[in-house]
Amino acid sequence: LGAGPLLPLSLRAAASGRPVPRANEPDGGHTAFSWLTAGLTVTASPRGRLLQGLHALDVHNDWILFNERTAQEMLTKTLDAYASSETADLYLRQMEGTQDAQKEVLDMLLDFLPQRYPSNFSVAGRAADGAFPPDAVVCVRIGDSRMEFRIGDYSDFPLKLASLLVQEDLVIMQNGRLVAGSVLCSFSRFGESRFGQDLKELHAKVAQFQNDLERPVLRIFETLKFENPLWRTNWNISWSDEIMVNPRRYPMKKGQMGADEQDAIMRELRQRIQEVGIANATFMKTEYQTCRRLRRNDDCVLFTIRTLIDPMTMLADLPRAARQLAMNVRILEPVEFCHYIGLSDDYIRHSLLEHADGIAVHAK
């Protein structure tokens, strides 16, 4: 994977049978700060070179993160997004010929979810050989609510049903190209321009990607094996707590702006911090991402993205997360990626560092 050892440390640990790093949270307990607290989110090297941050995935426990407290709200938002073909096209797309790969993804979820979260998921009518026939019914229980989905009703678009079962965005890459996906929370403009793009095109606007990450990322997607799934996280500062993709999340990135409009937005954000403080003005957004090669459709990789957004006020009780956040910000200060994540403004960045440093002194 570029310079250095062939495998990151945690992947070599997994290959040797040693425990691999994970955020040890109870079911439903993961927050946007969990992986910072565990010291597992390191954005760049001390010289500012972006890192992949890959770890071996405990596929039996950590593949899908189900949170019963937020699942009903997410399901409602997803159903609303799919309510009309016009809105559905913004979030849900497929290329013809990808239905078998989608069905494999759905089968993987139907096998995993009832085992990992038996109080919330069950499947009636599973065949003796373990297959999930069209007449099988998926039952989802969230609190006092109970919903049933007949698998055959989604035979023309299996990923649609898969996306109704989880809080993750789901993306299928075939030979490195995005061919099917449900993307509601992570990256924007999915239905408008990103569908059908390859990895280089998908990351074209990510600062430093071409120089730091393009070759190792392409290699990962080429060599990833079914039996060696991976996970990573990233983080960003959001100005909105809305879980669905929206322009209020990163107002400084709103389309094509002139210098005057950009300056006006930055003044507004600075004023917001001056009035209520950085902790009350911003939110931590984290994406927990997993990569799995499909077994039957082995030219495909499933990419899951679980988006978590929590108020920055939570950091006050998480000194280890504050220490890790401050370390990441300082490493990124002099490099281009700092602009990409919206921390190029000195006042905003220094406000965040002052807040994090004041909490980090209590870290053990």
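The set of residues in segment 265-280 being in contact with a Phe, Trp or Tyr (Cβ under 9 Å, 6 or more places away or on another chain) and hydrophobic (A, V, I, L, M, F, W, C) consists of MET266, LEU269, ILE273. Scanning segment 95-136 for residues that are in a strand (DSSP E or B), open to solvent by less than 50 Å² (accessible area, probe 1.4 Å) and hydrophobic (A, V, I, L, M, F, W, C) returns PHE121, VAL123. Residues of segment 80-95 that are within 13 Å of ILE172 (Cα to Cα) and more than 21 Å from the chain's Cα centre (by Cα): MET95 alone.
Of the residues making up segment 138-149, those that are open to solvent by 40 Å² or more (accessible area, probe 1.4 Å) and over 20 Å from LEU65 (Cβ atoms) are ASP144, ARG146, GLU148.
For segment 34-88, a residue qualifies if it is of a type outside the set (Val, Ile, Thr), part of a helix (DSSP H, G or I) and surrounded by 14 or more Cβ atoms within 10 Å (Cβ to Cβ), and the qualifying residues are SER34, TRP35, LEU36, GLU68, ALA71, GLN72, MET74, LEU75, LYS77, ALA81, ALA88. Taken as a whole, segment 260-274 holds at least one residue that is at pLDDT below 90, of a type outside the set (A, V, I, L, M), more than 24 Å from PRO334 (Cα to Cα) and out of contact with any strand residue (DSSP E or B) (no Cβ under 6 Å at 6 or more places or on another chain). Could you check how many residues of segment 174-185 are under 23 Å from LYS103 (Cβ atoms) and either at pLDDT below 85 or open to solvent by less than 10 Å² (accessible area, probe 1.4 Å) (or both)? Residues that pass the stated criteria total 7.
Annotation: of all residues in segment 248-263 being surrounded by 12 or more Cβ atoms within 10 Å (Cβ to Cβ), more than 18 Å from the chain's Cα centre (by Cα) and not charged (D, E, K, R), the one that is farthest from GLY191 (Cα to Cα) is GLN262. For segment 338-360, the count of residues that are under 30 Å from ASP107 (Cβ atoms) and open to solvent by 20 Å² or more (accessible area, probe 1.4 Å) is zero.
Hey, does segment 218-228 have a residue that's of a type in the set (Val, Ile, Thr) and open to solvent by 60 Å² or more (accessible area, probe 1.4 Å)? Yes, the conditions are met somewhere in segment 218-228. For the residues ARG232, ARG267, ARG296, the requirement of being open to solvent by 30 Å² or more (accessible area, probe 1.4 Å), in contact (Cβ under 8 Å) with a residue 24 or more places away in the chain and over 28 Å from LEU75 (Cα atoms) singles out ARG296.
The values are calculated or read from the model by the stated rules, or taken from the named source; none is laboratory data. A quick note: this is a predicted structure, and the numbers were derived from the prediction, not measured. Note: ideal-geometry Cβ built from the backbone for every residue, glycine included; neighbour counts use all protein chains shown. Please note that ligands, DNA and RNA were not included when accessible areas were found on the heavy atoms of the full protein model with its side chains. Shrake-Rupley method; radii C 1.70, N 1.55, O 1.52, S 1.80 Å.
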